[in-house]
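Notes follow once the structure below has been shown.
Just so it is clear, none of the values below were taken in a lab; they were calculated from the coordinates. Given the structure is predicted, the values throughout are model-derived calculations rather than measurements. Here the Cβ positions follow ideal geometry from the backbone for every residue, glycine too, while neighbour counts run over all protein chains shown.
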Amino acid sequence: MNAGPLTMKLKLVSFDADGTIVDNDYVNSFWFRELPRLYAEKTGIEFTEAREVLTSHYDEIGDEDIRWYKPEYWFERFGLEKNPEEVIERIQVPENVRLYEDALEVTESLRGEYRLIVTSNAPRIFLDYALNQIEKRFYGIYSCVSDFGEVKKGPNVYRKVLSRVGISPERSVHVGDHWKFDYQIPRKLGMRTFYIERNGGVVPKEDGVLGDLRDLEGRIKEMEN
């Protein structure tokens, strides 16, 4: 008798990046500290006012517009005569990029047995710096904005990622910190999914909720057995 899907050997573990592997502060430092600082320097206004102006522009565009995610768009819009990549490289020094300890441990532990990837909506310009220290642990790092022209990790993004790695949804796990885009959507496609709650928030009592990524390996073994 063939093994049912709940006892199928898993092959792929996909991780979200921001809020799952790396603390969000590294990217927030760009949008809410460095970019306002450059704008204040250019216009001569106070930093606090500059941050309010930029935040209002971010809200005007909204996170359903792909331009919202692209640093180069904002540099052009605000007339900042700087190279976005150079600015990001300057501020994304190791002490500003905090990788979660549980993420470091679990990716090191799982890498020998499963194919690991990153599936994120962060632009690649951020992912390259945020994951530089551990990029060799991953078979692939995919940005839905940079690689697929999508603003959110909808069903098509997961389908495209799985097609690139050549592994079916039933043999794949995804874990992230967004209830809809990391937990619900990939689960509907047939992937096993986990939600990592790092902020002590209230979430539904589901079988895939984790308080620590170190628990992920044991949960995967349970599914396989």
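Some points to look at:
- For the chain, the longest principal axis of the Cα atoms and the long axis of helix 101-110 meet at an angle of about 40 degrees.
- Share of pairwise Cα-Cα distances greater than 16 Å in the stretch 25-94 is 45 percent (whole percent).
- Across Lys82/Lys188; Lys82/Lys180; Lys136/Lys160; Lys9/Lys153, pairs whose alpha-carbon gap is larger than 32 Å: Lys82/Lys188; Lys82/Lys180
- Most positive-pole-ward Cα, Leu99, Thr20, Gly218, against dipole of the chain from beta carbon charges: Gly218
- Reduced Cα scattering model of the stretch 1-134, Debye log10 I(q)/I(0), q = 0.16, 0.20 Å⁻¹: -0.87, -1.18
- Gyration tensor over alpha-carbon atoms, the chain, equivalent ellipsoid semi-axes in Å: 35, 17, 16
- Think of it as helices only: each DSSP H run of n ≥ 4 in the chain is worth -39500 (n - 2.57), and spread over all residues that comes to -11000 deg cm²/dmol at 222 nm.
- Summed side-chain charge close to Phe148 - residues other than Phe148 whose Cβ falls under 12 Å, Lys, Arg +1, Asp, Glu -1: +4
- Eigen-decomposition of the gyration tensor built on the alpha-carbon atoms of the stretch 129-225 gives equivalent ellipsoid semi-axes of 21, 16, 16 angstrom, largest listed first.
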